[in-house]
Each structure stands twice: as C-alpha cells, then as structure tokens.
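Each reported figure results from applying straightforward, stated rules to the coordinates on display, with no laboratory input. Keep in mind the model is a prediction, meaning the values are calculated, not measured. Ideal geometry is used to build each Cβ from the backbone, glycine not excepted, and the neighbour counts take in all protein chains shown.
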Amino acid sequence: MKYLILTLALACGMLASCGNAQDRTDMEKNETVENLKTRRSIRAYQDRMPPKEILEQIAEAGTYAPTGKGSQSPIIVAVTDKAMRDSLSRLNAAVMGTKTDPFYGAPVVMVVLADRKYPTYLYDGALVMGNLLNAAHALGLGSCWIHRAKEVFDTEEGKALLKSWGIEGDYEGIGNCILGYPAQEAPAPKARKSDYVRFVE
Ligand SMILES: Cc1cc2nc3c(=O)[nH]c(=O)nc-3n(C[C@H](O)[C@H](O)[C@H](O)COP(=O)(O)O)c2cc1C
C-alpha cells in the first residue's frame, strides 16, 4: 500500500511538472509571438514572383485585422502587374522628389486604403498593414511598409488609378506593403528602448 501511494504521488508529481514545463514552453516560445518579434523590414528582393496562393493568404490575413465597430473600412489592392507596380513606384518616388525605386525591387505591392467616412479609418488601415507584414513573415516572404500612399492617392494620377481599379468613395492611402522573396538577410532589430513598457500595478 505504502509503495502504491508513493508510486501514485510520484506519477502525479511527474504529470504536474510536465504540465508546468509545457506551460513554460508555451509562454516562452509561442510561435505567433516569435513571428511578431522576428519580422523585419526587408529592403532587397529577388525578381521571382511569389505564388498567388501565398499572396491570397497574406491578403486574407489582412482582412481579419480588427476595425472600429467592425466597420471593415480598409481595402487592399494587391498589385502583381509589373507595369502597374512600376507606376506606383514612380508616383511614390515623385512624392520624395527622387527617381529611385522606393519598393526596393519587390515584385508585389499591396496598397491599403481606408474609407475616410469611418472615424477609425486610419487605425483600421494601420492594423491591416500590420497583419499583412506579419502574415508575410509567417509565410516566408519579406515585406516592408512603404509610406506616402496618402500623398500618391491624393494626386490626380492616383485618383485616376483608383477609378481605373473600380474604387469609388473617399479613400485615403494608408500604406504600401511591399512583398517578395528576400535578397538579403533580415537585419538585426534595434534594441528596444528601456522605458517602452510601463506596468502600473
Ligand atoms: C508608418 C511607417 C512608414 C514607413 N515607411 C517606410 C518607407 O517609406 N520606406 C522604408 O524603407 N521603410 C519604411 N518603414 C519601415 C520602418 O523604417 C521600419 O519598420 C523600422 O525601421 C523598424 O524596422 P523593422 O520593421 O525591421 O522592425 C515604415 C514603417 C512604418 C510603420
């Protein structure tokens, strides 16, 4: 009897410690959290076009970003057409007054725009951008937020593009998520500032 109790106690202890070890592992190395921490902006790309299924998955992840009151105020325009991608690059460069490619050679640009009639449109659009960047990393693609979408789509040429894409309404450019296979190692992240997080307990 004594041995039976001892054996049971040992087995329970082992189970409990296994559970704790599992909990610790989950807390320390959660795959989603690791993905969020290891995503970096990629600024050199291979020519090769990623498969459409991957791009669809990334775009779909974008559509699941939270939006104020569930308004789904943003839209995503996935551009894989080389001529259109180059036009967007040129318009973006013009805002900066340069002629270099602000898309760093990436073959794909997902333009996020959001409907200004919703009070949370900017936040909504930024979260969509975040989802795209993180989903791209999870699926093995490089990405980078390229700015100046607002300026580009506020120009007459930008507005004409929206019209040609069948987009009507008061849409503001939030960001361009460039995508492709990286042609560089991901850079190391900058150290996080020491007072980034403050707990009030
Ligand atoms: C709102 C916003 C605008 C950005 N615009 C550009 C841009 O125009 N060009 C660029 O190369 N990177 C741009 N970035 C990428 C940032 O430079 C990058 O996120 C930052 O340096 C941190 O690096 P990480 O993304 O690798 O963590 C932008 C990022 C954000 C959030």
So how many residues does the range 49-67 have that are assigned to a helix (DSSP H, G or I) and surrounded by 14 or more Cβ atoms within 10 Å (Cβ to Cβ)? 8
In the range 30-48, which residue that is aliphatic (A, V, I, L, M) and not in a helix (DSSP H, G or I) is farthest from the ligand (Cβ to nearest atom)? ALA44
Can you tell me how many residues within the range 131-141 are within 14 Å of the ligand (Cβ to nearest atom) and either farther than 20 Å from ASP81 by Cβ or surrounded by fewer than 18 Cβ atoms within 10 Å (Cβ to Cβ) (or both)? 4
Restricting the range 166-190 to residues that are away from the ligand (no atom under 13 Å from the Cβ) and free of Cβ contacts under 8 Å to residues at least 12 places away in the same chain, the residue that is farthest from GLY140 (Cα to Cα): GLU168
Given the conditions (1) in contact with a Leu (Cβ under 8 Å, 6 or more places away or on another chain); (2) buried (at least 17 other Cβ atoms within 10 Å of the Cβ), and given that SER87 satisfies all but one, which numbered condition is not satisfied? (2)
Within the range 102-121, the residues that are farther than 21 Å from LEU88 by Cα and either in contact with a Ser or Thr (Cβ under 7 Å, 6 or more places away or on another chain) or within 16 Å of the ligand (Cβ to nearest atom) (or both) are TYR118, THR120, TYR121
Close pairs from the range 115-137: first closer than 16 Å to ASN35 by Cβ, partner away from the ligand (no atom under 11 Å from the Cβ) and of a type in the set (Asp, Glu), Cβ under 9 Å, at least 6 apart: ALA135/GLU60
Within the range 143-160, residues more than 10 Å from the ligand (Cβ to nearest atom), of a type outside the set (Asp, Glu) and over 12 Å from ALA94 (Cβ atoms) come out as LYS150, PHE153, LYS159, ALA160
